[in-house]
1. Whole-Å semi-axes of the stretch B:115-235's equivalent ellipsoid, largest first, each the root of 5 times a Cα gyration tensor eigenvalue?
2. How about the stretch B:39-76: which of its residues lose at least 30 Å² of accessible area in the presence of all protein chains relative to their chain isolated, using a 1.4 Å probe?
3. Out of all DSSP beta bridges in the stretch B:1-157, what portion is antiparallel? Express it as a percent rounded to 5.
4. Within a Cβ distance under 14 Å of B:GLU230, other residues only, what is the Lys/Arg minus Asp/Glu net charge?
5. Rounded to the nearest 20 Debye, what is the dipole magnitude of the stretch B:99-258 about its Cα centre when Lys and Arg each give +1 and Asp and Glu each give -1 at the C-beta?
6. Viscosity 1.306 mPa s, temperature 10 °C: what is the translational diffusion coefficient of the stretch B:3-183 from Stokes-Einstein with a Kirkwood Rh over Cα pairs, rounded to a whole number of µm²/s?
7. Can you tell me the Rg and Dmax of the protein assembly as shown, counting just the alpha carbons, in angstroms?
8. For A:MET331 and A:TRP279, FRET efficiency with R0 = 30 Å and r from the beta-carbon atoms, rounded to 0.05?
Amino acid sequence: MTEIASFAVEYRRFLDPDGQAVQPLPAFAQDPAALIPLYRAMVLTRSFDAKAVALQRTGRLGTFASSLGQEAVMAGTGAAMRPEDVLLPSFREQGAQFLRGAAMTDLLLYWGGDERGSDFAGPREDFPICVPVGTHAAHAAGVALAFQLRGEARAAVCVLGDGATSKGEVYEAMNLAGVWRLPVVFVVNNNQWAISVPRERQTAARTLAQKAIACGFEGVQVDGNDVIAVRDAVERALEQARSGGGPTLVEAVTYRLSDHTTVDDASRYRDDAEVSARWKDEPILRLRKHLTDAGAWSKEDEEQLIAECGKEVEAAAEAYLATPVQPVESMFDWLYAELPGDLAEQRAGLVAEAGAAGDAKDD
Amino acid sequence: MTEIALIEAVRLAMARAMEEDETVLVLGEDVGVNGGVFRATDGLVERFGDKRVFDTPLAEALLAGVSVGLGAQGFRPVTEFQFMGFFYPAIDQVANHAGRLRNRTRGRLSCPIVLRAPFGGGIHAPEHHSESFEAMFAHIPGIRVVIPSSPARGYGLLLAAIRDPDPVVFLEPKRIYRAPKEEVADDGEAAPLDCCFVLREGSDITLVTWGAMVLETLAAADSLAEEGIEAEVIDVATLKPLDMATILDSVERTGRCVIVHEAPLTGGFGAEIAARLADRGLVNLTAPVKRVAGFDTVMPLPKLERHYMPSEGRILAAAREILEYS
Ligand SMILES: Cc1ncc(C[n+]2csc(CCOP(=O)(O)OP(=O)(O)O)c2C)c(N)n1
Ligand SMILES: [Mg+2]
């Protein structure tokens, strides 16, 4: 027998669940104080998720996907990116989107049922949330090709789930990225579940990272509850992508501590005991231990941060709740650059109907 | 000026667009050195280089999805699908993304892309190479569906489609790729989108069609003329958004309408036109609206293809039937 190819997948972790460094930390993480923004981003995301779920439970928000337990994937990814990179999220990446400058009010608007929520004031080129699972991987390849053609040192970051890696289209996009060495990073949020389907029912592959190998580029697995590991891996992948070194897949192994969305009831398909056991691994606790042990974080700091984040989230929720509904005819106004005559007639009919009903609003 | 066929007109339009706008790119399977399986992109990679003309891996959903990403970044990809029969996996991208991106970001991102595909039967092609499902595209909000029926309109409409700021599905009737030919000026003049073309004026009956069926329909109009019946022939050209005004205006004068398409009858785009005639033009109709269409069958393989395709005879039979009414 002649072996013609063999491959390995690296696993990386810097902090163990007790916040202890298991190997020398990367440069950005050596000063504990420098990690506080990452910690803050995770706490803010958790506050936001809690508020969004509460709004949904009280009938003031539509279906919402919490990122509880996966905050390190979001914060690590968002922090690794530069403003000029482009993020293509799926639907659970609010933590990364906030670091990119998307407003919390915007995301509440979106989940509350208002298209203006995807007209981010901050990251103008970032893609909106992608609901059809995995379909944005090809968009990321297209965005990356645009950067490559213009000779720009920028990269696209596509975040997708473990379930999404089963989609043919994700393979199609990764394959293209490999062949053309596109500046794109695929971050797989392996939260162990795709609604009710566990990771091991999704693929027989030992890791999701190895799917990149079939496409001719590197896939690494990181501890997705270690924000330092996520940020480090995505940062390295981005540097490689921006400098012409091609794509990388970063599989961040974490756990979905919440239901899939607010309309899901996870107790139908997984034991509470499994979930409870996973709480000890969660990413915020881990970094807090690390910061506390390093003397960079106190109880007072924690209280102050929680209060601060709570206030910020409340203000965003108030702004969202106070936003007037769009004019009904807005459903026509952004379909095309210029409204075709055919549709102008339908629009006029709707405007007349809304006028007759005495309300230009509808919800 | 020399006479050219539709396939050459399509190529000329792409070359012209690439010449005038460096954001125009060509993508597809075998579109590079091979020039496309029908040669629509022949010579483009030699002229514009492999940073403008890309042979992609074989993956249709990817083709559409990459185009969406490029479009959002301000490029204008003109992306070829080898045959309409292989477009299905990419419909996801058209319906879920291309047609929605401008709307769902309230204009922040847009999708100025053209997705080209040869379609239709009549060339004895293998299985899956002869279908017409333009009506499926016409059902999708936020896009345009454009079908040329001659070299000149192929040139003008494709230029218009490439310059359009929104996504266009551009379906090319491959039965007329090589003939007939006509003189086409490579003058960079686009033809208008969103409007029908009246190919022949007449006051007795209106024949509405698009794509390659324009040939049989014009032939039927000639035959009717020999009997002293003047048929107006309308080429719809842009199915979505539909220029119903031109059709209603014609039927107001003729009182009779036959709609001709190769695609299956049920849910075909003729149903939409007939429904709108019933809605807006009923008082002007002196006879029922007839549809001459393909059957609701799987497209037969070449031996029976001829019996599937709407023929001049079927168009004439439908026309004569409604000319009986007075
Ligand atoms: C193409 C497609 N199929 C099904 C769904 C319904 N759906 C929404 S999320 C989801 C599971 C996704 O799992 P994963 O990719 O692991 O992401 P996660 O939700 O765990 O973040 C499904 C099946 C969808 N949105 N899109
Ligand atoms: Mg998952």
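The values are calculated or read from the model by the stated rules, or taken from the named source; none is laboratory data. Bear in mind the structure is a predicted one, so any value in this text is a computation, not a measurement. Ideal geometry is used to build each Cβ from the backbone, glycine not excepted, and the neighbour counts take in all protein chains shown. SASA here: full protein model, heavy atoms, side chains in, ligands and nucleic acids out. Shrake-Rupley method; radii C 1.70, N 1.55, O 1.52, S 1.80 Å.
1. Details: eigenvalues 121, 66, 46 Å².
The equivalent ellipsoid of the stretch B:115-235 has semi-axes of 25, 18, 15 Å.
2. By number: B:PHE54, B:PRO57, B:ALA61, B:LEU62, B:VAL66, B:GLY69, B:LEU70, B:GLN73, B:PHE75.
3. Values: 0 of 11 bridges.
Beta bridges within the stretch B:1-157, antiparallel portion: roughly 0 percent.
4. Around B:GLU230, the charge tally is -3.
5. Details: 17 positive and 24 negative charges, 249 e Å.
Roughly 1200 debye, rounded to the nearest 20.
6. On the way: Rh = 16.0 Å.
It diffuses with D of about 99 µm²/s by this estimate.
7. Cα-based Rg and Dmax for the protein assembly as shown come out at 28.6, 100 Å.
8. On the way: r = 43 Å, r/R0 = 1.43.
The computed FRET efficiency comes out at 0.10.
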